[in-house]
Amino acid sequence: MKAIFIDCNEQLAPVWQKVLRLDDPPIYVNRENFRRDDLPRVLNGYDIALDDHSYMPTELMAKSPQLKHIVFLGTGAASYMDIGELNGRGITVHTIKGYGDTAVAEHTIALMFAAARNIARMDREVRAGIWTPQEGVQLLGKTLGIIGLGGIGAEVARIGKGLGMQVIAYNRTPRPTAAVELVDIETLLAKSDIVSLNLVLNEETRGFLDKGRIARMKPGAIFVNTARGALVDEAALIQALKNGSIGHAGLDVFHAEPITADHPLTKLANVTLSSHAAFRTLEASMTLLRRAIDIVKDIAAR
């Protein structure tokens, strides 16, 4: 079976070379940019596609009849393709879990600190010649509420406890061995000074943090999302940031990526943005690419 890595970028290319082994199956690495409509041309003749973060609409996949497997580099394939529709067309979508739990958790904590101390705002102002020290929030003793206590959420909890924070969590399924107090979602939103969203995106969780739940958050709370933009009602989030009911948001993920320069979120001083980079560490990338190659290897051996 022929395989292609459709969107290897400048960051991943040297990592790819580090993890390759002599007995790996051949995988063509495409490093040329392409328009979305060109996807059938790029995929022509291939059975397996490794996808970093390219959108793969069903209508374009229908023009690639040879394609049988998509190996998505991460867990959030549902943000970039309709997995159910692709399965119906005979395309199996493979995702990769657990490769960057610590990396994403550390980025979550970084955004939490940046939001609490207005780091990005002061950086912008200092560069523009404005010297206005901003009052911040001390995190010691504050309540950190974690929505989703999987691998990443558990790491966020571990670090938060190490910082001296009071950590509570909500999980959609029971976690009898959880190392933190589990509460219902309403209690978490009402009590938390910082809310960290760490759910997996699927049809059950899409829009999980809706307008009603956003309204239940503790006034002035900090909100951090390193999971998926589609978990949140974006319009309600923007309104809450504008009226101050949410004090600050640290966001690594968005409904449409890359976020455009004229997006309303980019105009708000109480928002700290990063470019879907929470998982981007050398250690996590090496694990991710190695696991992706191993999936191709398993498919080819069938």
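Observations on the structure shown:
- Angle between the chain longest axis and helix 151-162 axis [Cα atoms, degrees, rounded to 10]: 30
- Base-10 log of normalised Debye intensity for the range 234-302 (one unit scatterer per alpha-carbon) at q = 0.19, 0.20 Å⁻¹: -0.78, -0.83
- For the range 78-119: rounded, prolate or oblate by the Cα gyration tensor [a/c cutoff 1.5]: oblate
- For the range 275-288, Karplus couplings with θ = phi - 60° (6.51, -1.76, 1.60), whole Hz, Gly/Pro x: 9, 6, 10, 4, 8, 7, 10, 4, 4, 5, 5, 5, 5, 4
- Normalising the Debye intensity of the range 1-159 to I(0), with uniform scatterers on Cα atoms only, and taking log10 at q = 0.09, 0.12 Å⁻¹ returns -0.47, -0.73.
- Length gained when the stretch Val29-Arg41 is fully extended (0.36 nm per residue, less Cα-Cα span): 2.9 nm
- Placing a label point 7 Å from the Cα of Lys97 along the Cα-to-Cβ direction, the residues of the range 144-171 whose backbone N falls under 19 Å of that point are 147-158, 170-171.
- Label-point separation, His263 to Ile185 (7 Å along Cα→Cβ), nm: 2.2
- Shape call, the range 206-264: gyration tensor on alpha carbons, a/c limit 1.5: prolate
- Phi angles across the range 54-65 convert, under the Karplus curve 6.51 cos²θ - 1.76 cosθ + 1.60 with θ = phi - 60°, into 3J(HN,Hα) values of 9, 6, 10, x, 4, 5, 7, 5, 5, 8, 10, x Hz, Gly and Pro given as x.
- Using the Cβ-Cβ distance between Thr173 and Arg127 with R0 set to 41 Å, the FRET efficiency works out to roughly 0.35.
- Across Asp101, Asp37, Asp52, mean-square fluctuation computed from a Gaussian network of the chain (C-alpha pairs under 10 Å connected) peaks at Asp37.
- Rounded Å value of the spacing that divides the Cα centres of the range 4-56 and the range 243-302: 19
- With neighbour counts taken as other beta-carbon atoms within 10 Å, the residues Met81, Met1 rank, fewest first, as Met1, Met81.
- Over the range 111-175 - Rg/Rh using Cα atoms and the Kirkwood inverse-distance radius: 1.14
- With all projection directions averaged, the alpha carbon convex hull of the range 64-140 covers 8.6 nm².
- Counted residue by residue at 0.36 nm each, then reduced by the alpha carbon distance between them, the extension gain from Arg89 to Gln11 reaches 24.8 nm.
- Additional length obtainable on full extension of the chain from Leu140 to Asn270, 0.36 nm per residue less Cα span: 44.7 nm
- Hydrodynamic radius (Kirkwood) for the range 101-273, which is based on Cα pairs only, to one decimal in Å: 16.2
- Cross-link partners for Lys191 among the lysines, with Cα-Cα distance under 18 Å and sequence neighbours closer than 8 places in the same chain left out: Lys142, Lys161, Lys211, Lys218.
Each reported figure results from applying straightforward, stated rules to the coordinates on display, with no laboratory input. On a predicted model such as this, the values are computed, not experimentally measured, just so you know. FYI the Cβ positions are ideal-geometry reconstructions off the backbone, even for glycines, and counts take in every protein chain you see.
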